[in-house]
Amino acid sequence: MMQFDWPVQVYYEDTDAGGVVYHSQYLNFMERARTEFLRNIGFMQTALKDELGILFVVRDIQIRFRKPAKFDDVLNVDTRLLNVGRSLLEFEQNIYRGDEHLIAAKVEVVCIGAESFKPVSIPQSMMSKLEK
């Protein structure tokens with residue numbers, strides 16, 4: 001199982017008037033972490049589209065809000081690749097503030113053709129890195 005951590009600083013724009021992070025912002029934090037996960041193993045989103053002709057889109061997400069994050073918190077998004085299928089990547093993502101577990105999520109992303117928007121196989125060059 002591959003694991004990757006990405007730090008996130010909570011900015012004022014991420015919060016409501018009470019300084020609590022909007023629920024939708026956690027999706028953005030997790031998206032950034034998955035993007036950085038791919039970058040870390042050598043795949044830039046622009047190159048995936050331009051050179052390999054593929055995109056990754058969220059198919060399903062399950063999220064449990066355990067505790068709120070607040071303005072100026074420093075968070076860590078823990079991203080673990082649980083499963084690699086022909087065209088599917090399944091991630092477990094957790095957001096922490098220090099040792100406090102704030103968010104638990106499972107995210108499925110599907111590889112699609114950049115032109116067709118239909119599911120396609122994950123390229124072998126990528127599979128070899130994901131299966132390590």
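The values are calculated or read from the model by the stated rules, or taken from the named source; none is laboratory data. These numbers come from a predicted model, not from an experiment. Cβ placement follows ideal geometry from the backbone for every residue including glycine, while neighbour counts extend to all protein chains displayed. SASA here: full protein model, heavy atoms, side chains in, ligands and nucleic acids out. Shrake-Rupley method; radii C 1.70, N 1.55, O 1.52, S 1.80 Å.
Pairwise Cα separations in the chain fall into 5 Å bins from 0 onward with the following percentages, short to long: 2, 10, 20, 22, 17, 13, 9, 6, 1, 0.
Each residue of region 51-64 was assigned a 3J(HN,Hα) from its phi angle through the Karplus expression (A = 6.51, B = -1.76, C = 1.60, θ = phi - 60°), giving 9, 9, x, 10, 9, 10, 10, 6, 9, 8, 9, 10, 9, 10 Hz with x at Gly and Pro.
Using DSSP to call loops (not H, G, I, E or B), can you name the GluC sites (Glu not before Pro) in region 23-132 whose Cβ has at most 13 other Cβ atoms within 10 angstrom?
On the way: sites: GLU31, GLU36, GLU51, GLU90, GLU92, GLU100, GLU108, GLU115, GLU131; in loops: GLU51, GLU115, GLU131.
Qualifying residues, ordered by number: GLU51, GLU115, GLU131.
Descending by average beta-carbon neighbour count within 10 Å, the peptides 76-89, 55-68 line up as 76-89, 55-68, the highest first. Excluding ligands, DNA and RNA, the accessible surface per residue across region 26-69 is 62 Å² with a 1.4 Å probe. Entry note, the chain: the mean residue ellipticity at 222 nm calculated from DSSP H runs of n ≥ 4, each adding -39500 (n - 2.57), is -7000 deg cm²/dmol after division by the residues and rounding to the nearest 500.
Considering only protein heavy atoms and a 1.4 Å probe, what is the carbon-and-sulfur percentage of the accessible area of region 1-100? Walk me through the intermediate numbers first.
Working: 2820 of 5880 Å².
Carbon plus sulfur share of accessible area: 48 percent.
The phi-based Karplus calculation (6.51 cos²θ - 1.76 cosθ + 1.60; θ = phi - 60°) puts the 3J(HN,Hα) values of region 29-34 at 4, 5, 4, 4, 5, 5 Hz, whole numbers, x for Gly and Pro.
Stretch GLU115-MET44 to full length: gain in nm at 0.36 nm per residue minus the Cα-Cα span? Present the calculation step by step, with values, prior to reporting the outcome.
On the way: separation 71, 0.36 × 71 = 25.56 nm, distance 1.79 nm.
Gain on extension, GLU115 to MET44, equals 23.8 nm.
For GLU131 and ALA17, the FRET efficiency from 1/(1 + (r/R0)^6), where r spans their Cβ atoms and R0 equals 41 Å, is about 0.30.
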